[in-house]
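A short write-up of the structure that comes next.
The values are calculated or read from the model by the stated rules, or taken from the named source; none is laboratory data. Computed from a prediction, not measured in an experiment: that's the story for all the values here. Cβ atoms come from the backbone with ideal geometry, glycine included; neighbour counts cover every protein chain shown.
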Ligand code: AMP
């Protein structure tokens, strides 16, 4: 059975970093709605033009637009062996739509990465990302060099990582996304991991949590 994963957690919890790592190790595609939207903004597509101001304010793009994007991604043949969703779902209606899209597929494993808010603000306001490949800088040396260790591109601050927008994104997380935990909590495929540790520590805990959740429903691991 395919390994289908959704990564939940507040902005700055490390969802993207962990999803990228897990996808690489397991050779399954990572579907990051934030990356897809940022590419659309950069390319100036109709969706990009529509969502730019909303993203710059730290608010959520409409459920219809996001659900359409994810549906298109899940329709691709490369998701047959599994996938990791990073940054989706973020609202209860998105989670309900995802349940519909999961019809006929292996059960969805949902992992919540927990990090205290003070740590999130610290991480987000110092985060640097590559302007070419969108990876996060992972070491102080890399950040100091302002050069991406993977592709050599320039490291920059995300436009929505300034303190005012960070506070708005965290508030939006609390009101719109946190209720998702109650939506998923009672499922045998839901697990929480401690995101306030080294990336390696989170990766190890996450791998164990996914295996346990997969075992609980007889999915591939
Ligand atoms: P992220 O990179 O996941 O932090 O996403 C950056 C921004 O993209 C968010 O602040 C939202 O404006 C938008 N976005 C990404 N994923 C979603 C989603 N599932 N629902 C609504 N908006 C989203």
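Summary of computed values
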{"read-out": "Test: residue in the range 30-43 that is assigned to a loop (DSSP other than H, G, I, E, B) and either within 15 Å of the ligand (Cβ to nearest atom) or in contact with a helix residue (DSSP H, G or I) (Cβ under 9 Å, 6 or more places away or on another chain) (or both)", "value": "no"}
{"read-out": "Residue in the range 8-25 that is buried (at least 16 other Cβ atoms within 10 Å of the Cβ), in contact with a helix residue (DSSP H, G or I) (Cβ under 8 Å, 6 or more places away or on another chain) and free of Cβ contacts under 8 Å to residues at least 24 places away in the same chain present", "value": "no"}
{"read-out": "Residue 114, sole failed condition from (1) away from the ligand (no atom under 15 Å from the Cβ); (2) under 18 Å from the mean Cα position of the chain (by Cα); (3) over 16 Å from residue 8 (Cβ atoms)", "value": "(3)"}
{"read-out": "Scope the range 109-132; condition out of contact with any helix residue (DSSP H, G or I) (no Cβ under 7 Å at 6 or more places or on another chain) and within 21 Å of residue 36 (Cβ to Cβ); matching residues", "value": "129, 130, 131, 132"}
{"read-out": "The one condition in (1) near the ligand (Cβ under 9 Å from one of its atoms); (2) out of contact with any helix residue (DSSP H, G or I) (no Cβ under 6 Å at 6 or more places or on another chain); (3) within 30 Å of residue 126 (Cβ to Cβ) that residue 62 fails to fulfil", "value": "(3)"}
{"read-out": "Boolean, residue 187 is within 13 Å of the ligand (Cβ to nearest atom) and either in contact with a strand residue (DSSP E or B) (Cβ under 8 Å, 6 or more places away or on another chain) or part of a helix (DSSP H, G or I) (or both)", "value": "no"}
{"read-out": "So residue 177, is it within 18 Å of residue 10 (Cα to Cα), at pLDDT below 95 and surrounded by 12 or more Cβ atoms within 10 Å (Cβ to Cβ)", "value": "no"}
{"read-out": "Set 54, 70: member being in contact with a strand residue (DSSP E or B) (Cβ under 8 Å, 6 or more places away or on another chain), farther than 21 Å from residue 130 by Cα, at pLDDT 95 or above and within 11 Å of the ligand (Cβ to nearest atom)", "value": "70"}
{"read-out": "Qualifying residues in the range 134-167 (those that are at pLDDT 95 or above and buried (at least 19 other Cβ atoms within 10 Å of the Cβ)) - the one nearest to residue 20 (Cα to Cα)", "value": "148"}
{"read-out": "Residue in the range 36-44 that is within 14 Å of residue 136 (Cβ to Cβ) and touching a strand residue (DSSP E or B) at 6+ places or on another chain (Cβ under 7 Å) present", "value": "no"}
